[in-house]
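What follows is a short report on a single structure.
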Amino acid sequence: MEKFINDFDSLAKAKKVSATNVKLILLFALVVIVLILFFALSSVNTAINKVLVVDRSGEYLKIVADEKEKQFFAFVKNTCALTTHYANSFERKTLKENKIKVSFYCNKNDLDIIYRKYENERAYYAAIEAGEVYKCELESFEGLSGDNEPYFVRFTSLLHIHNNTGETIYRIVSEGELIAVTPQYPENVTGFFFTKLTQKFERVNESNAQN
């Protein structure tokens, strides 16, 4: 009988310890869940407060607007630089390649006018047969206007013509209208396209212009 009582007491103690352990585990789990909920609520409140502060002050929105404006201006300027370069730069090896590249930045009708000028002046012939080099780079970006498409731009570039007798320099005054298009690499990396483009040529050391 004494042995039975001792075994019964041991079993009761084991059950009591087991029940205590279960309670402790449940209490620990409850504490962990409460801490997680508290952390999540704190994070949400912090994010909401930050959004409210940003919206109220307008500082962040102003920074974003300024960055977008700078990016817009840079892409427009780069479009002008790439277009004037590809349309007016050529030599024996790059003549066909540059014509293909510029077609992604400017409409065909205005490009044909530019090409006819060089053809009439036998510039392409001189580049292919005599090895003359035409190199054009953007000189200055002089104006951007318009709140909506098309945007009007005006810019100048310098055309350097190298041949056996030396170098001739022309200033090209360009005006055009730009629209936004879907960028595609590497054909059009700026996302703008000339729907209209005109060029006037001036000798740098002369006042008369050539059309």
Checklist entry - Inside segment 152-175, can you point out the residues that are over 11 Å from Glu142 (Cα atoms), surrounded by 14 or more Cβ atoms within 10 Å (Cβ to Cβ) and in contact with a Leu (Cβ under 9 Å, 6 or more places away or on another chain)? => result Leu158, Thr168, Tyr170, Arg171, Ile172
Checklist entry - Within segment 91-131, how many residues are surrounded by 14 or more Cβ atoms within 10 Å (Cβ to Cβ) and either in contact with an Asp or Glu (Cβ under 7 Å, 6 or more places away or on another chain) or closer than 24 Å to Phe192 by Cα (or both)? => result 17
Item to check | Subset of segment 132-151 that is of a type in the set (Gly, Ala, Ser) and in a strand (DSSP E or B) - its residue that is surrounded by the fewest Cβ atoms within 10 Å (Cβ to Cβ) | outcome: Ser145
Checklist outcome for this item: Residues of segment 186-201 being among the aliphatic types (A, V, I, L, M) and surrounded by fewer than 19 Cβ atoms within 10 Å (Cβ to Cβ), in sequence order, are Val189
Checklist outcome for this item: Conditions (1) in contact (Cβ under 8 Å) with a residue 60 or more places away in the chain; (2) over 25 Å from the mean Cα position of the chain (by Cα) -> Phe141 fails only (2)
Next on the checklist: So, Ile36, is that one assigned to a helix (DSSP H, G or I) and either at pLDDT 70 or above or among the hydroxyl-bearing types (Ser, Thr, Tyr) (or both) or not?
Outcome noted: yes
Checklist entry - Which of (1) touching a strand residue (DSSP E or B) at 6+ places or on another chain (Cβ under 8 Å); (2) at pLDDT below 95 is the odd one out, the single condition Ile161 does not satisfy? => result (2)
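The values are calculated or read from the model by the stated rules, or taken from the named source; none is laboratory data. Quantities reported herein were computed from a predicted structural model and do not represent experimental measurements. Note that we place each Cβ from the backbone using ideal geometry, even for glycine, and neighbour counts take in every protein chain shown.
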